[in-house]
1. Can you say what percent of the DSSP beta bridges in region 10-138, counting only those with both residues inside, are antiparallel? Round to 5.
2. Once phi is turned into θ = phi - 60°, what whole-Hz ³J(HN,Hα) does the Karplus curve with 6.51, -1.76 and 1.60 give for every residue of region 46-60, x standing for Gly and Pro?
3. What number in nm² do you get for region 10-138 if you take the convex hull of its Cα atoms and divide its surface by four?
4. Sort 22-29, 7-14 by packing, meaning the average of other beta carbons within 10 Å per residue, with the highest value first.
5. Give me the number: length gained by fully extending T76 to A92, i.e. 0.36 nm times residue separation minus the C-alpha to C-alpha distance, one decimal in nm.
6. Extending each Cα 7 Å along its Cβ direction at D22 and T103, get the distance between those two points in nm, one decimal.
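Values in this text are rule-based calculations from the coordinates and carry no lab data. None of these values were measured; they are calculated from a predicted model. Please note: Cβ atoms are built from the backbone with ideal geometry, for glycine as well, and neighbour counts cover all protein chains shown.
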Amino acid sequence: MLSSNGVLSDDLISTLTNGAIDPDLVDSSQVDLRDKFRPSTLMARYVVVADPIQLHLGAGGQRVIWIPASEILSSTGIGAAYQKLPQDYLLANNVTANIYEKTRPFTVQEVTDFFTRFTTFYPDWTKNLFHRLLHPLFDREDHPGRYLGPVYTE
């Protein structure tokens, strides 16, 4: 779920379903400085994105939602790996929720560019994002591409 306010959020959906959906929700980041970016968001086959993007702190405090949501909505960067499903869900305040399916693996360039957008604002994330999180996802010799799918270089 790439949305975080009173119109659409994972907590709202959880509450509306009395927790029934919780096992199917990915624990995605909500707040930059508290959560940092959790790569589990990129591992999900489906992602819900609100249009316009819904935030409770503004883009400067929630880049962990803004960046992936904007790329998915514009089909650029990592968003090029997703396809919008046909059903639109009209919510309050003229917000539309859309479900996107990941239809192909990300390229190394897409992932590198994506995380560079974060490290531009948070240089201290560089070591954690690239070394602690990305390498185990991409560089497992026993299961290459196991988590994010095969990674293709351009």
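1. Details: 12 of 12 bridges.
Antiparallel: roughly 100 percent of the beta bridges in region 10-138.
2. Coupling constants for region 46-60: 10, 9, 9, 10, 8, 10, x, 4, 10, 9, 9, 10, x, 4, x Hz.
3. Numbers: hull surface 32.8 nm².
Answer in nm², one decimal: 8.2.
4. Working: 22-29: 14.1, 7-14: 17.1.
By packing density, highest mean first, the sequence is 7-14, 22-29.
5. Values: separation 16, 0.36 × 16 = 5.76 nm, distance 2.68 nm.
Taking 0.36 nm per residue and subtracting the Cα distance, the gain is 3.1 nm.
6. 3.5
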